[in-house]
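Reviewing the structure listed below.
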Amino acid sequence: MELSQRTRDFWRSGLIAASRTALACIIVGCMTLYGPTAFKKQVAFPAFSYVAMILIVTNATLGDTIRGLWFAFYCTLQTVCPAMLCLWYMGPTRLTAVSTSLVLGIAAFFIALPKSTHVVAKRVALGQLVIIYVVGYITADEIDAIMHPVKENSKLFAENASERLRLFVQAFCAKDNESSQAFISQTKHLASKAKKFLQCIKSKQESMQWEKFFIKFLRPYCKNPGDRLQELETPLRGMEIALNNKHIPVSILDEQLKGGIDNIEGEISQNLYQLRSHMPCETPTVPESTQGEVMNFLEKLETIPTNDKDLPSYFFIFCMKLFHIQSRAMTIPPNSQKVDKKALQKKQDQQQKKISEHQNGLSLSGVLGHWPTSTLGKERLVSALNCSLSLGFAVLFGLYYSKPNGFWSGLPVAVSFAAAREATFKVANVKFQGTVIGNVYGVLGCFIFQSIVQIRFIALLPCFIFTSFLQQSKMYGQAGAVSAVIGAILILGRRNFGPPTDFAIARIVETFIGLSCSIMVDLLLNPTRAASLAKVQLCKTFGTLQDSLSSIEFTELSKDELMKSAKNIKENIIQLDKFVTEADAEPNFWFLPFNTACYKRLMSSFTKIGDLLHFTAHAISLLDEQIQRLDVNGVRDELDKINGDLELVGNLTATSMKSFQEVASIKSLLVLEKDLENSGKTFDLELGKSANFPLMNLDEKELGKIISSFLEHLQEAMEKIGFPDEEEKEIKSQIVISFSALGFCLKCLMKETKEVEKAIKELVQWENPTSHINLHELSCKIHALYD
């Protein structure tokens, strides 16, 4: 049944995307083939109508389409008007292959440079530049003639989260380890689907801005549903971490606790059910709060666990409580929440400004306001120069090869412009393969419909269906699928280009020329391999982890710092993943193969550490709220001891991360030893054991002693805290759960640091295959040489 549902969803999403693109192509085809003669004369290059349509309509929501209309208008002003003036000034006699390529390259530089212009707008504009200048050169004697999806994914995510929660609860309550693992394994696939739902929602948040003018009078406008739904994903990941560390059976589980967990699951599921019909920031009708009732069972947990083996169970309950709070916050009508409306409005305005500035949204004020005053960063300059040179050389060599078909070498480069680094060889490969597939399909379509030429573009319908699934494949993806569909459209929807076979061969050759120029320019401007960039980013991530872990303290300020740190870690991991993905697709040539598996393990540990810091911040925040209600003057010493335990774990893990950063930054162990020998310096191996890797020499038993000491200090504090009689059980249980969750986070932070140690040792060994790697000795050599 599950497989059948997944298959139906897969086909449904693909057919919907294909039908939208097909309808748009049919409209373009009917207008260019059967429209009034006066209209057809104005469409001098109908092939680009299909290209622009695919760039704008494919996988588009209403907001994307509205935004695309603005892009088309803006790009026309940005390219056609200056190009007309330039062509008028130069005149037909001055147009040569070199001058055309030079002017095109200069114009492309200024198109690609502004940060505020959206990448889709740049692609359409660059495509128009190629057509205007190259067709102008080819026909120099005739130069005068040149004159929705977000809501559906929110629903699917809510259903997915509800199902994962149910499986997690069953795994927690399972009586044997085999049953527990069976339930956990079922959540793996659901977690990967949830990630895709969130990615899709976040990718459409920008286009939702273009819909707000149409829907703000109908229902409250939601600016960032993906960010809000992400808040529900974090406690689910925490539950999984708890289940992977818990012992079967759960010692604290009895009928009362099981009944309470079932009640919380029921209310969370009810909250998620509300989200299936509403966006996270809308105002659904919810029943009267039962928060106090469902949390009554927690009063049973009044004592700090004496064994660290019970900490995962307490942490699981902590995550369920956090999940309940966050899911309920998304379903309570805004007018029932006690908030400062002015402060909320100010925050929303700031978020809106941030989105419009940093998510590449396009508005007239953004274009006029950002470009003249913005700082021209190195990355933007390199990207613009890359585009300029790639397009210029592609058109130059394309015109030398075949003047009548020269623009086909520039169009693939123009419409595939990327504002950031991409896996050059892989993307170029799939684009070329997609072009060949599309051209072959187009030639076959022309052969089959050769007797009824006027309706042969109907043959595009199967192509749209095929490419809609092709773009979901790992082999071709979006770039290969778009190239394939464009290749088919340009043949089946063309006119006056001669025999289809000749046209297809010319396009394939010109595309190869254009993509080859793009690769060569990219290699010249970005000579650093992705593997090297991944190494640099890895070291940077270690530095971020060091700063984050060293900020663990039992203070309100620490909470804010930890939340910020968790966000910074996530951003570093995203950047690292980008380089690792590119390096994995990068040809090895004469270099050492890239160890993708090792980097993936490191990123997995980094992600867990970021999540643990996030939970640590929440635990500290909840503890601060509860302790402020109590008289703690008599337990200052105990609280100082607890804070000392937090700082101890923070320093142990942070120091290790610093050492990992130093070890990972070396280029070669042989070079390091040679430099050390030439310097005449010596190193103290014993110093490294005590100062560089403080966790390396601690086994599981010794790590357990640190957590046991923390639990003892917690028990001492709980015995001395004075609780008000009427709220004793409630406050005590909240503090116990939060403190226990904090202890679990500390234990897991040390555990993940040990996992990072294993991965970094493997990575250094991989890079130095002929050497025996000893991290202690290696770190001491580094300190001896550079200190």
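Pick from A97, A38: which is at pLDDT below 70 and farther than 30 Å from V150 by Cα? Talk me through it step by step, then tell me what you get.
On the way: A97 fails: at pLDDT below 70.
Result: A38 is the single residue among A97, A38 that is at pLDDT below 70 and farther than 30 Å from V150 by Cα.
Any idea which of E255, E267, E299, E240 is surrounded by 15 or more Cβ atoms within 10 Å (Cβ to Cβ), more than 15 Å from A329 (Cβ to Cβ) and modelled with pLDDT of 80 or more?
Numbers: E255 fails: surrounded by 15 or more Cβ atoms within 10 Å (Cβ to Cβ); E267 fails: more than 15 Å from A329 (Cβ to Cβ); E299 fails: modelled with pLDDT of 80 or more.
E240 is the lone residue from the list that is surrounded by 15 or more Cβ atoms within 10 Å (Cβ to Cβ), more than 15 Å from A329 (Cβ to Cβ) and modelled with pLDDT of 80 or more.
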If only one of I760, I782, I707 is touching a Gly at 6+ places or on another chain (Cβ under 8 Å) and closer than 27 Å to R601 by Cβ, which one is it?
I707
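So that you can scan it fast, the table gives a plain yes or no per residue for (1) outside the structural domain of E561 (by TED's automatic domain parsing); (2) of a type in the set (A, V, I, L, M); (3) within 21 Å of P593 (Cα to Cα); (4) surrounded by fewer than 21 Cβ atoms within 10 Å (Cβ to Cβ):
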position	(1), (2), (3), (4)
I508	yes, yes, no, yes
F512	yes, no, no, yes
S516	yes, no, no, yes
M520	yes, yes, no, yes
G543	no, no, no, yes
Criterion first (among the hydroxyl-bearing types (S, T, Y), closer than 23 Å to G704 by Cα and out of contact with any helix residue (DSSP H, G or I) (no Cβ under 7 Å at 6 or more places or on another chain)) does T655 satisfy it?
yes
Taking segment 725-776 and keeping residues polar (S, T, N, Q), touching a Ser or Thr at 6+ places or on another chain (Cβ under 8 Å) and either surrounded by 22 or more Cβ atoms within 10 Å (Cβ to Cβ) or within 16 Å of G704 (Cα to Cα) (or both) leaves T753
Could you say whether any residue in segment 656-679 is within 21 Å of L612 (Cβ to Cβ), modelled with pLDDT under 85, of a type in the set (A, V, I, L, M, F, W, C) and surrounded by 12 or more Cβ atoms within 10 Å (Cβ to Cβ)?
no
Just wondering, is there one or more residues in segment 685-707 that are under 30 Å from L243 (Cα atoms), surrounded by 14 or more Cβ atoms within 10 Å (Cβ to Cβ) and at pLDDT 90 or above?
yes
Starting from segment 567-578, take each residue that is assigned by TED's automatic domain parsing to the domain that holds T541 and list its partners that are of a type in the set (K, R) and part of a helix (DSSP H, G or I), counting only C-beta distances under 7 angstrom and pairs at least six apart or across chains.
N572/K540
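Of all the residues that make up segment 270-296, how many are part of a helix (DSSP H, G or I) and at pLDDT 60 or above?
7
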Total residues in segment 547-573, condition modelled with pLDDT under 90 and β-branched (V, I, T):
2
Let me spell it out: the conditions are (1) under 37 Å from the mean Cα position of the chain (by Cα); (2) aliphatic (A, V, I, L, M); (3) closer than 30 Å to S532 by Cα, and L703 meets all of them except one. Which number is the exception?
(3)
Close pairs from segment 374-389: first more than 8 Å from A112 (Cβ to Cβ), partner at pLDDT below 80 and among the charged types (D, E, K, R), Cβ under 8 Å, at least 6 apart:
S374/K115; R380/K115
Residue check, S390 small (G, A, S), closer than 27 Å to N588 by Cβ and at pLDDT 80 or above:
yes
Can you tell me how many residues in segment 606-646 are touching a Lys or Arg at 6+ places or on another chain (Cβ under 7 Å), surrounded by fewer than 21 Cβ atoms within 10 Å (Cβ to Cβ) and among the β-branched types (V, I, T)?
1
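So which residues in segment 167-182 are surrounded by fewer than 18 Cβ atoms within 10 Å (Cβ to Cβ) and under 31 Å from the mean Cα position of the chain (by Cα), if there are any at all? Before the answer, list the steps.
Looking only at segment 167-182, we keep the residues that are surrounded by fewer than 18 Cβ atoms within 10 Å (Cβ to Cβ), and these are 170, 173, 175-179, 181-182.
If the condition is that a residue be surrounded by fewer than 18 Cβ atoms within 10 Å (Cβ to Cβ) and under 31 Å from the mean Cα position of the chain (by Cα), then Q170, Q181, A182 are the ones that fit.
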Of the numbered conditions (1) within 19 Å of R636 (Cβ to Cβ); (2) modelled with pLDDT under 85; (3) aromatic (F, W, Y); (4) within 38 Å of the chain's Cα centre (by Cα), F723 fails exactly one; give the number of that condition.
(4)
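Every residue, every condition in (1) closer than 23 Å to K658 by Cβ; (2) in contact with a His (Cβ under 7 Å, 6 or more places away or on another chain); (3) hydrophobic (A, V, I, L, M, F, W, C), yes or no:
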| site | (1), (2), (3) |
| --- | --- |
| Q546 | yes, no, no |
| L549 | yes, no, yes |
| K559 | no, no, no |
| F579 | yes, no, yes |
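The values are calculated or read from the model by the stated rules, or taken from the named source; none is laboratory data. Bear in mind the structure is a predicted one, so any value in this text is a computation, not a measurement. Cβ sites come from the backbone with ideal geometry, for glycine too, and all protein chains shown count toward neighbours.
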